[in-house]
1. Condition first: in contact (Cβ under 8 Å) with a residue 40 or more places away in the chain and not β-branched (Val, Ile, Thr). Now tell me which residues in the range 365-383 satisfy that.
2. Of the residues Leu169, Leu133, Leu162, Leu141, which is away from ligand 1 (no atom under 11 Å from the Cβ), in a helix (DSSP H, G or I) and either in contact with a helix residue (DSSP H, G or I) (Cβ under 8 Å, 6 or more places away or on another chain) or of a type outside the set (Val, Ile, Thr) (or both)?
3. Which one of these does Pro151 not meet: (1) away from ligand 2 (no atom under 16 Å from the Cβ); (2) surrounded by 14 or more Cβ atoms within 10 Å (Cβ to Cβ); (3) assigned to a loop (DSSP other than H, G, I, E, B)?
4. For the range 272-316, how many residues meet the condition of being at pLDDT 95 or above and either more than 29 Å from Asp462 (Cβ to Cβ) or touching a Cys at 6+ places or on another chain (Cβ under 9 Å) (or both)?
5. For a quick check of your reading of the model, give me the residue pairs whose first member lies in the range 477-490 and is farther than 14 Å from Asp289 by Cα and open to solvent by 10 Å² or more (accessible area, probe 1.4 Å), whose second is within 12 Å of ligand 1 (Cβ to nearest atom) and at pLDDT 95 or above, with beta-carbon atoms closer than 6 Å and at least 6 apart or on different chains.
6. Specify which of the listed residues (Asp462, Asp455, Asp449) is in contact with a strand residue (DSSP E or B) (Cβ under 6 Å, 6 or more places away or on another chain) and open to solvent by 30 Å² or more (accessible area, probe 1.4 Å).
7. Any chance the range 109-118 includes a residue that's of a type in the set (A, V, I, L, M), at pLDDT 95 or above and closer than 30 Å to Glu376 by Cβ?
8. Take the residues in the range 176-190 that are among the aliphatic types (A, V, I, L, M) and open to solvent by less than 10 Å² (accessible area, probe 1.4 Å), then tell me which one is farthest from ligand 2 (Cβ to nearest atom).
Amino acid sequence: MALARQAGLFSLAVRLLRAPRRDLGARSPEEPLPVVRIPRALQRRQEQRKSVCRSSQRPVLVRPGRLLLSARRPEFNQPARLTLGRWECAPLASRGWRHRRACRDFFSIERAQQEAPALRNLSPQASFEDLGLEPRVLRALQESAPAVVRPTTVQSSSIPPLLRGRHVLCAAETGSGKTLSYILPLFQRLLSRPGLNSRRIPSPRGLVLVPSRELAEQVRAVAQPLGSSLDLQVRDLGGGRGMRRIRLQLSKQPSADVLVATPGALWKSLKSQLVSLEQLSFMVLDEADTLLDESFLELVEYILEKSYIAQDPAELEDPFNPKAQLVLVGATFPEGVGQLLSKVANPNSLTTITSSKLHCLMPHVRQTFMRLKGAEKVTELVQILKNHDKANKIGPSGTVLVFCNSSSTVNWLGYILDDHKIPHLRLQGQMPASMRAGIFQSFQKGPRDILLCTDIASRGLDSTLVELVVNYDFPLTLQDYIHRAGRVGRVGSKMPGTVISFVTHPWDVKLVQKIELAARRRKNLPGIASSVKEPLPQQA
Ligand code: ADP
Ligand code: MG
């Protein structure tokens, strides 16, 4: 019985094997059956995707000529002769940068010109004399700064209204010579207004307010030699070392004509009645956008309350009842000027001077953006600094500023650079004042040519030797980007500047895309206020 069933199965198998294969069409019996490892639908989709990729990898036509923007992927290069229209959709190199697969991608905004815009378009005949400066002021300028021969654009436009006694708001790009643009005319006005002799406590006739001690020292260093040629005494006043030190600073030169101070130190001195602002003839807020932000606003408002600002220019001319001329200076337009001004003076009395290059990317500085993972940043930085050191051995090269977003990152990164035997200096806001003192000056003079710092070094500090700025942490705002990048490519800089920014977080990518779009369209950076705001309605 079992034998018969086996024979039946065998004959069935033979029949099946001999039967014609309907489903395999013309396949010959010898051909093996295809092995299906991937489902057909998935296979079809993969093939489709490959063909799309192949068509997008068409050879890119690289035309000869200078580039405005060069990218790792050449299809994103933009030639210098091309400018993207305002409404044109831009193929951004940083478009997919939020994805982690974009890591190690990069692009650069190339240098479009060699010299700083502040020195461009100046007629060779432009002179300080024509701006209304007196011979004795010109002589003092020649003695103290022989390299300054012709005025920069911002100096040409701000000196005449300041000499006429106008309140001025001057917003012009970083490194364009704003310090001399207010010091020269204000000193000249001071010469024509003799001081009153009824001084019980130090009563300066001029006040320059700046956001950091380093900047106070720097402005004093520019103003002092000019002042001594004109018989004007200039002093600086910085805090951070207690009241005893402030008392000492003020008692050293009680009859100083001009005081360059930080808001904290001046606020303390006013509260303790160590100084009076009754005799002020002028008051300058340098880096006004920083002075008017939350961290300083309360102090600045108190200082303004204690000084007598002229409601309008006519009030400045009374020699026996001195009122102060107000000057606001910055590289980004300060927000809330209208509100502040409405409290102390007539907003219509303000002359606004803005440069055409305000909030623009500097055309004479190469700016590279590198998309990196957080863990790759240290290696990349060490490499950049070692390359810089090698270049330094071949020929003279400039100094390097490395910006971090916090004091703790500065310290931590410092230890890592120590491990790599890379000599450097550190500057951050949490350092004790005694340690902080003189660090920027020693960086300016050498021998250390690398400074790790936070944004306290991004406002106003001037060194014509800086060649490279590295944003180790990407700045949190576009204003900070402008200020940090403004440490290179200054008027009088000895070498062309470069900025390298590491881009890690999604919020960094958002800012980079705004910068890239502005560069491709050759427009100024968006979202930074650029007009005096309407004053708040006065409360009853
Ligand atoms: P800003 O305040 O606009 O950032 P600074 O006042 O610090 O710029 O000046 C930047 C640099 O330019 C300084 O080193 C200064 O000596 C130099 N400088 C200023 N005015 C002139 C000028 N007219 N000619 C040449 N160099 C100048
Ligand atoms: Mg300045």
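1. Our first condition is that a residue be in contact (Cβ under 8 Å) with a residue 40 or more places away in the chain; within the range 365-383, this holds for 365-374, 376-377, 380-382.
Within the range 365-383, Arg366, Gln367, Phe369, Met370, Arg371, Leu372, Lys373, Gly374, Glu376, Lys377, Glu380, Leu381 meet the criteria.
2. Leu162
3. (1)
4. Within the range 272-316, residues that are at pLDDT 95 or above and either more than 29 Å from Asp462 (Cβ to Cβ) or touching a Cys at 6+ places or on another chain (Cβ under 9 Å) (or both) number 0.
5. As it stands, the answer is none, since no pair meets every condition given.
6. Among Asp462, Asp455, Asp449, only Asp449 is in contact with a strand residue (DSSP E or B) (Cβ under 6 Å, 6 or more places away or on another chain) and open to solvent by 30 Å² or more (accessible area, probe 1.4 Å).
7. For the range 109-118, residues of a type in the set (A, V, I, L, M), at pLDDT 95 or above and closer than 30 Å to Glu376 by Cβ: present.
8. For the range 176-190, the residue satisfying everything is Leu190.
The values are calculated or read from the model by the stated rules, or taken from the named source; none is laboratory data. Model, not experiment: these values are computed from the prediction. Ideal geometry is used to build each Cβ from the backbone, glycine not excepted, and the neighbour counts take in all protein chains shown. Side chains are part of the model used for accessible areas, which takes the heavy atoms of the whole protein and leaves out ligands, DNA and RNA. Shrake-Rupley method; radii C 1.70, N 1.55, O 1.52, S 1.80 Å.
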